[in-house]
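**Q** Okay, here's the structure, questions in a sec.
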Amino acid sequence: MATQKKAQDLTSVAADTSAEEILRIVARDGGVIIKNFLTQEQVDRFNSEIESPLQALNPGSTHENEIVAAFHGHNTKRLTNLVTHSATFRSEIIDHPLVHEISDSVFLEESGTYWMTTAQVIEIGPNSQAQLLHRDLENWFPFVGLGPSGPEVSINFLVALTDFTEENGATRVIPGSNHWSDFEDRGTPEQTIPAVMSAGDALFISGKVVHGGGANQTSDFYRRAVAFTFNAGYLTGEEAYPFLVDKELAKTLSPRVQRILGFRSQYPTGSPGLWQVNYADLADYLNL
């Protein structure tokens, strides 16, 4: 077992840092904080757009499995289908140039293509326990067994929509856990460090690194973030966007956003195409 005795700090970089340098840091540490990924104006506008549907949600999980329900958080709200709820999200956040520079660099050579696993506004309410530690690649169990030598099948951008502090539930990470030999080892809370961020900063992590939402120990602060993840195009995501997003809305999106939402076919390396209609691109069938 190769767990670390003491976690190292997370590196912070400016938003104009190259994708190559960001990925070099993430290959080493498993994660990096990108300062000022969104402007304050974008944060305010996005928060305004999702405020009404978020307030309509009840905290807690609707999942019948007790472990999954605990993972979701008993005083945590998770707002999905953000493409429908927010113009800022669909036009500026998931179409952010740096997001696709990083994602292209991660996926195109080895996987050929990628699409969005899920996107959620996650609001951790007061007096909430820490989330179970996990790796995002656990969605696809065979890659747990491949360990650090396996392909990078999942990446996660988590953008702070309020300030993140250790007290209010900042996401906790075990830097370097992307190199542990046994990916069934999720480490311990004592090995984690908080990703302290200002609103607009982003935590970008590998699907191989151990992390989890922190405990919100405040009595009145709601820690809010938006997390959106991508996975290799040959794997199934969590949200079935073509059944959630109206087709007329999809027609207004950029081609690369249409593709990551599943409104265009996937072309993984070595494949003549997946997610097709009569062996033709789904986009043609949908008149996109």
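The values are calculated or read from the model by the stated rules, or taken from the named source; none is laboratory data. Values in this document were obtained by computation on a predicted structure and should not be read as measured data. Cβ atoms come from the backbone with ideal geometry, glycine included; neighbour counts cover every protein chain shown.
**Q** Within the stretch 148-185, which residues are closer than 22 Å to Met197 by Cα and among the β-branched types (Val, Ile, Thr)?
**A** Ile155, Val159, Thr162, Thr165, Thr171, Val173, Ile174
**Q** Which residue, of Ala227, Ala202, is farther than 23 Å from Gln55 by Cβ and either without any contact (Cβ under 8 Å) to a residue 12 or more places away in the chain or not charged (D, E, K, R) (or both)?
**A** Selected residue: Ala202, the only one of Ala227, Ala202 that is farther than 23 Å from Gln55 by Cβ and either without any contact (Cβ under 8 Å) to a residue 12 or more places away in the chain or not charged (D, E, K, R) (or both).
**Q** Taking interchain pairs and intrachain pairs at least six residues apart, which have beta carbon atoms under 7 angstrom, with the first residue in the stretch 35-64 and within 30 Å of Ala14 (Cβ to Cβ) and at pLDDT 95 or above and the second surrounded by fewer than 17 Cβ atoms within 10 Å (Cβ to Cβ) and not hydrophobic (A, V, I, L, M, F, W, C)?
**A** Listed by first residue and then by second, the contacts come to Lys35/Ser12; Gln42/Glu92.
**Q** Moving to a separate point now. Within the stretch 15-27, track down each residue that is out of contact with any strand residue (DSSP E or B) (no Cβ under 9 Å at 6 or more places or on another chain) and either among the aromatic types (Phe, Trp, Tyr) or exposed (fewer than 15 other Cβ atoms within 10 Å of the Cβ) (or both).
**A** Asp16, Ser18, Glu20, Arg24
**Q** Another one. Filter the stretch 143-200 down to residues that are closer than 19 Å to Ile22 by Cβ and of a type in the set (S, T, N, Q) and give me whichever is surrounded by the fewest Cβ atoms within 10 Å (Cβ to Cβ).
**A** Filtering first and then ranking leaves Ser198.
**Q** Give the stretch 259-288 a look and list any residue that's assigned to a loop (DSSP other than H, G, I, E, B), touching a residue at least 24 places away in the same chain (Cβ under 8 Å), at negative phi and surrounded by fewer than 16 Cβ atoms within 10 Å (Cβ to Cβ), or say none.
**A** If the condition is that a residue be assigned to a loop (DSSP other than H, G, I, E, B), touching a residue at least 24 places away in the same chain (Cβ under 8 Å), at negative phi and surrounded by fewer than 16 Cβ atoms within 10 Å (Cβ to Cβ), then Thr269, Ser271, Leu286 are the ones that fit.
**Q** Hey, another quick one. How many of the residues in the stretch 189-203 are under 16 Å from the mean Cα position of the chain (by Cα) and in a loop (DSSP other than H, G, I, E, B)?
**A** Total satisfying the criteria: 3.
**Q** With respect to the numbered conditions (1) surrounded by 22 or more Cβ atoms within 10 Å (Cβ to Cβ); (2) over 13 Å from Ala232 (Cβ atoms); (3) among the β-branched types (Val, Ile, Thr), which one is the sole condition not fulfilled by Thr118?
**A** So Thr118 meets the others, but not (1).
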